[in-house]
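Asker: Mind looking over this structure? Questions follow.
The values are calculated or read from the model by the stated rules, or taken from the named source; none is laboratory data. Worth saying up front: this structure is predicted, and the values here are computed from it rather than measured. In this analysis, Cβ positions are derived from the backbone assuming ideal geometry, glycine residues included, and neighbour counts consider all displayed protein chains.
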Amino acid sequence: ERRERERKLSKEMAEKATKELEKMQLQEKAEVKYKEWLKKKRAEEAEKKKKEKEKEKEREAELQEKKARSEKIFKEWLHNARNKPRPALNGYGYPRGKSTGLYFYYTYVVT
């Protein structure tokens, strides 16, 4: 009986030890997989940040180009506006550039 009990105890201990060993192996595998997953995730995040930076640079370059083009067009317009002849203000109701009350008087009388 004593030997049988000892055998049972040793058998149980061996089973517990194998279970513990399997459990530890599973934990190690899980840790390895987690580390691989984490490494992959960090690489994806780094790639995503890199793409975002590239897009930001492209947007910045576009804005810079648009601004330069706008300034060029504005300067051309300003240059052309200076050289354009001014409209004559000596038209009807504006002798020598000043308004006469006569034009407005006729407007009220006619209507």
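Asker: Kindly list, by first and then second residue, each pair from a residue in the range 46-71 that is modelled with pLDDT under 95 to a residue that is basic (Lys, Arg), limited to pairs with Cβ atoms under 9 Å and residues at least 6 apart or on different chains.
Answerer: From the range 46-71, no pairs qualify.
Asker: Turning to a different aspect of this structure: Determine whether LYS67 is more than 38 Å from the chain's Cα centre (by Cα), among the charged types (D, E, K, R) and assigned to a helix (DSSP H, G or I).
Answerer: no
Asker: Further question on the same structure: Report yes if LYS8 is at pLDDT 95 or above and surrounded by 10 or more Cβ atoms within 10 Å (Cβ to Cβ), otherwise no.
Answerer: No.
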